[in-house]
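Q: Questions regarding the structure given below will be posed in turn.
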Amino acid sequence: MILKKKLLFLKILIVLFFFYIKYYICFFFINNSEWCWHKLGGKTFRVYVSRPAQKKSNQLKTKIIINKRKKEENEKSNMRKNDYKSSSQYKLIEELINEYPHKLPYTNLKDEPFILLKDKLNPKYIKGYELPFNLINPIKYELLKLVGKICDPFKPLCCYSLTPKIFIDKMFKDKSSITYDMFCYNLEYKFKFYMPSYTEIFKFEKELLWKLYMTVRNLKEVSPYTPLNDHERVNKILEDDETTLPITICKVNKEINRQGIHPSILKMFFDFLNIEKMNNILKRDNAFLKLETIKNQIKNRDFMEGIRPDYLYIMFSKNANEYYNNFNHKQYEKEFLDSINYNTTAQKMISENSLYKKKRKQFSEETKTSLMKFYDIQLPSFFKEYMKKKDQKHKEIYDKIKKMIHNKYLKRKQRREDKLAGKISNQETNSDTQMDANLDEKKKKKKKKKKK
């Protein structure tokens, strides 16, 4: 019992001892630190940091700067969106979008009477060289071509709705802005035409174009598949006067793609996307902003669907009529001829340069051949004899040199054999080596004197 009491007392003493030590240490360091900061206040010190720590700090700094820039850019883009939404153009687009699909434009048969005659077409009465043979309203046909090129392609038959991201990536690629000429070039040559698939406005025009293609060529429409009794093949072998609907669709798409779009419609679409109204320059952000805002505001839109072909026709029809009617054909012809003349002159210059280079090459070759004729004089007979004698002398000299080298090699070999046999003593060899060393030293001294 006494031992237990002693142990408890010792434990209490140890705990108290450690507690007081900690208290005094803390008090001492805190007071000293305060005193040091009081003394060193206002002075600057250079702290040495390791390289990995410096790299981390620099990375953090760059992250902060990038985040600030991103915030500023986002604020600017939001301001731009709000400004565009408050404009009068956006309100007009909103009204058009809200009207569709409840209020479609009325198709008047007086303007388009040939829609009813799609099943009663006769090749005798069709005049012209290209589709649609003046049977469709030209403005509507031009808009159909534009919509077929803009919308998302479902190769090789048709196209679906327009998604702004796909269209702008294809148009701009890696560029932030493009000119009007590049815009027209991309639409005409980079984008391919595919017939719009689900439309109510272009429903009759599609069928009419397919029927026209078949009637002009005196072709009959046949189903592409064989009957159930035929077990040899799936697809039917067609005759010369037979076609299928998929083949006609592909052929019509190719023919319309070759025609191109009217320049007034191209200008209308360029001005439609150009919010800032800059001369002959279209920015990527402006075009994407306009199409994306239109897409987001459309009602009755399916999930992951873009802008339908009918919406596009409703938005473009009014502006297209104005641009098409106000199109100055004479001025366009003048600009077109000027550009052709410029290209022809450039090509002529290139061709003339190439001809000049060819002629210069021929002239240089001819002069070279004519100059070389002076050196083609026949040598006299005594010169040939002289050359033969010279060659013989050279051969004799080379043979002598070979014999000398061979004799030297044989002497060395004989000397080695004599050493091994013991005929020649080491003293003689040492004396010979000393003589050789002395000769080498004399030669070196002579060379040094000459240099001086």
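No value in this document is a laboratory result; all are computed from the given coordinates. The structure presented is a predicted model; accordingly, all values stated were derived computationally and were not measured. Here Cβ is always computed from backbone atoms with ideal geometry, including for glycine, and neighbour counts include all displayed protein chains.
Q: So between LYS357 and SER176, what do we pick up on full extension, going 0.36 nm a residue minus the alpha carbon distance?
A: 61.1 nm
Q: Please compute one quarter of the surface area of the Cα convex hull for the stretch 178-233 and express it in square nanometres.
A: Orientation-averaged projected area of the Cα hull: 7.8 nm².
Q: Okay, moving on. With 10 angstrom as the radius, rank LEU121, LEU379, LEU238, LEU312 by how many other C-beta atoms surround their C-beta, starting from the fewest.
A: Ascending number of Cβ neighbours within 10 Å: LEU379, LEU238, LEU121, LEU312.
Q: Going by how many other beta carbons lie within 10 Å of each one, how would you line up CYS250, CYS151, fewest first?
A: Ordered by Cβ neighbours within 10 Å, fewest first: CYS250, CYS151.
Q: So, by mean Cβ neighbours within 10 angstrom, what's the order for 122-128, 412-418, 184-190 with the highest one leading?
A: The packing order, highest mean first, is 184-190, 412-418, 122-128.
Q: Which residues does the label zone of GLU188 cover in the stretch 309-342, counting backbone N under 15 Å from a point 7 Å along Cα→Cβ?
A: Once the point is set 7 Å along Cα→Cβ of GLU188, 332-342 turn out to lie under 15 Å by backbone N, inside the stretch 309-342.
Q: Also: With charges set only on the Cβ (+1 for Lys and Arg, -1 for Asp and Glu), what does the dipole of the stretch 285-380 come to about its Cα centre, in debye to the nearest 20?
A: Dipole magnitude for the stretch 285-380 comes out near 360 debye.
Q: Just to be sure I understand the curve: with the Debye formula and one point per C-alpha of the stretch 284-326, what is log10 I(q)/I(0) at q = 0.28 Å⁻¹?
A: Values, matching the q order: -1.01.
Q: Then there is this: For a quick check of your reading of the filter: which GluC sites (Glu not before Pro) in the stretch 216-286 sit in a DSSP loop and have no more than 16 other Cβ atoms within 10 Å?
A: GLU232, GLU239, GLU276
Q: Hey, another quick one. Where does each of GLU207, GLU365, GLU142 land when they are ranked from fewest to most other beta-carbon atoms within 10 angstrom?
A: Starting with the residue having the fewest Cβ neighbours, the order is GLU365, GLU207, GLU142.
Q: At each listed q (0.13, 0.23, 0.27 Å⁻¹), what is the log10 of I(q)/I(0) that the Debye formula gives for the stretch 299-379 modelled as equal alpha-carbon point scatterers?
A: Log10 I(q)/I(0), no solvent term: -0.77, -1.06, -1.16.
Q: Taking H placed 1.01 Å from N in the peptide plane, check which residues at least 5 places from CYS159 or on another chain put their amide H under 5 Å from its amide H.
A: When sequence neighbours closer than 5 places are left aside, the close amide H contacts are PHE154, MET195, SER197.
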